[in-house]
1. Mind telling me which of Ile138, Ile129, Ile20 comes out most flexible in a GNM of the chain, alpha-carbon contacts under 10 Å?
2. In deg cm²/dmol and to the nearest 500, what is the mean residue ellipticity at 222 nm of the chain if only DSSP H runs of at least 4 residues count, each as -39500 (n - 2.57), divided by the residue total?
3. In nanometres, what is the gap between the two model label sites at Val46 and Phe137, each 7 Å from Cα along Cα-to-Cβ?
4. Setting aside same-chain residues fewer than 8 positions from Lys77, which aspartates and glutamates have a Cα under 14 Å from its Cα?
5. Please identify which residues in the range 37-58 have an amide N closer than 19 Å to a label point set 7 Å out from the Cα of Glu3, following the Cα→Cβ vector.
6. Ordering Arg95, Arg106, Arg120 by accessible area with a probe of 1.4 Å, largest first, what comes out?
7. I'd like the distance separating the alpha-carbon centroids of the range 87-143 and the range 6-70, in whole Å.
8. Scan the range 1-56 for GluC sites (Glu not before Pro) in coil per DSSP, keeping those whose Cβ has at most 15 other Cβ atoms within 10 Å, and list them by number.
Amino acid sequence: GLEQGIKDIYALMEQIAGQIGAGSLEPAPGYVALETLYNMAENASVALSYAYEGSGANILDYAAAAQAATDSFNVKKGGYNVMPVTASAVLRMNRYGRLAEDAFARGDYANSYAYNLLAREFAGAAEAISASETPKFIGVMVNVVPTQATGEAGYVN
């Protein structure tokens, strides 16, 4: 039931992101709702990890979904744009993956299972968030030449 609840939260996030992208929901309150929902999913994962306490080793299967979502974000963002909401979502998704790997390496399979589920299932929501957000051009392009200088107090340089 907890797993299905987490999946349902992410499905709801995808719907909300779709509404934002379609223009039927204002972005600011929509993105606040998305933040609230992924906090709810993360809180539910705590109970899920307690439910799986003492379980055996699990399979980490989040990587392909997380990589696809990260690639989709990077392509849409391009080299000179920012997408702060999506960047936050992708960072969180990848953090879940790292936490799953770390917990697995420690033999903490219950937490590894929960974080793997979060990373894998959140990937779809992260892609939907990416599709809903418009990239914003940074507006500044700079070419900087590395320079090194030394100086002492009291001297011009």
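The values are calculated or read from the model by the stated rules, or taken from the named source; none is laboratory data. In this text the structure is predicted, and so the values were computed from the model without any measurement. Cβ: placed from backbone, ideal geometry, glycine included. Neighbour counts: every protein chain shown. Please note that ligands, DNA and RNA were not included when accessible areas were found on the heavy atoms of the full protein model with its side chains. Shrake-Rupley method; radii C 1.70, N 1.55, O 1.52, S 1.80 Å.
1. With Cα springs under 10 Å in the chain, the top fluctuation among Ile138, Ile129, Ile20 is at Ile138.
2. Working: 5 runs with 108 residues, N = 157.
Taking each H run of at least 4 residues, the total per residue is -24000 deg cm²/dmol.
3. 4.5
4. Cα-Cα hits under 14 Å: Glu127, Glu133.
5. Once the point is set 7 Å along Cα→Cβ of Glu3, 41-58 turn out to lie under 19 Å by backbone N, inside the range 37-58.
6. Ranked from most to least accessible, the order is Arg106, Arg95, Arg120.
7. Here the answer is 10 Å between Cα centres.
8. Glu53
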